[in-house]
1. Testing the spin-label approximation: label points 7 Å from Cα along Cα→Cβ at Asn50 and Asn167. State their distance in nm.
2. Just the number, please: carbon plus sulfur as a percent of the accessible area of the chain, 1.4 Å probe, no ligands or DNA/RNA counted.
3. Distance between Cα centroids, the range 19-59 to the range 71-144: provide it in whole Å.
4. When only alpha-carbon atoms count, how far does the chain stretch along each of its three principal axes, as whole angstroms with the largest first?
5. Taking a 27 Å limit on the Cα-Cα distance, which of the listed pairs Lys3/Lys237; Lys173/Lys237; Lys3/Lys59; Lys219/Lys259 fall beyond it?
6. So, R0 is 45 Å and r is the distance between the beta-carbons of Leu58 and Val332; what FRET efficiency does that work out to, to 0.05?
7. Go through 243-254, 171-182, 208-219, 64-75 and give me the packing order, highest mean Cβ count within 10 Å leading.
8. On a C-alpha basis, how far is the centre of the range 205-278 from the centre of the range 147-179 in Å? Whole number, if you could?
Amino acid sequence: MKKISNNIFLMMLIFGTLVTISSNSWLGAWMGLEINLLSFIPLMNDNKKNLLTSESSLKYFLTQAFASSILLFAIIMLMFFYNNNMNLYNSFNELLILSTLLLKSGAAPFHFWFPEVMEGLSWINGLILMTWQKIAPLMLISYNFIYKFFMITIILSMLIGSLGGLNQTSIRKLMAFSSINHLGWMLLAMMNNEMLWMIYFLLYSLLSFSIVLMFNNFKLFYFNQIFNMSMMNPIVKLFIFLNLLSLGGLPPFLGFLPKWLVIQNLVTMNQLFILTISVCLTLITLYFYLRLSYSIFMLNYQKNSWLLKNNFNNKLSFTSLIFNFISISGLVMMSMIYVVM
């Protein structure tokens, strides 16, 4: 029974996003966002025994409901001024709508709820929050563009996403700050090219799915769990290491491709200042991925010679292997296809 209800809520979640994307009015888009929100709350509460899950779902609901009420207020104001042929507060309305959408997507400086909510979720729900739940707000943000405000949001998202992950011991919070940083890159891609942010989002979703699948498979939530996995297969550790580097955007992995496309676009548009800041701040995210990976392999690596039987399953599933292969060697394969063609 629980599985059937979860499937229904998941379908409604997808339906809500599709309503927002395909809507031709702000009111229709708001309605889609509400359907999406009310479908995700029951999915978050799948584990009744975990108090953090209930806390996270409450925080998520309050934040999203607050954003939705302000969005509805801004839409009503927009309609009122438009019907009365008044251009007054037009820019204020646009700013209000953009702020609420950034709050819904978890971009800085409206990111405060995102790491806290992520901390209480299971990995699968966390993946939905990092990927699918961003589609509708980002699509609406691309319709409502304010250049100066966008620049501030992009720099703050990259800065907070980079510095916030430095002192974390929780992998879920690390992934949340990483998501904020990637969101900054998506907004940067959105500034000049409508298609570019979609490509970035698709590749980011693929990389997130690949690494979250591994974390979920081995029930990893904190750094010390990775350090103490003395019985873990070294190949599994290598895959986690390479996936983290790919998510950080290090060449020659697939994670470098979307950043490469954005950098190329910014060079073409001669926006070198924002490009320099973005690359420098992303290096910090790469640093904490490297720090984690280096610790796993060099500083805290143990292997017992007297216990041959594993206490847990340390094999990768076939799906996980496929996604790992795409994440690690995707860019090389695409480059080879491009050269041949």
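The values are calculated or read from the model by the stated rules, or taken from the named source; none is laboratory data. Values in this document were obtained by computation on a predicted structure and should not be read as measured data. Don't worry about glycine lacking a Cβ; one is built from the backbone with ideal geometry, like all the others, and counts go over all protein chains shown. We work out accessible area using only protein heavy atoms, side chains counted, and drop any ligands, DNA or RNA first. Shrake-Rupley method; radii C 1.70, N 1.55, O 1.52, S 1.80 Å.
1. Distance between the two pseudo-spin positions: 2.6 nm.
2. About 71 percent, which is the carbon plus sulfur part of the accessible surface.
3. So the separation of the two Cα centres works out to 13 Å.
4. Each principal axis gives a Cα extent; for the chain these are 81, 53, 40 Å.
5. In this structure, Lys3/Lys237; Lys219/Lys259 exceed 27 Å between Cα atoms.
6. With a Förster radius of 45 Å, E is 0.50.
7. Highest mean packing first, the order is 171-182, 243-254, 208-219, 64-75.
8. Result: 15 Å between the Cα centres.
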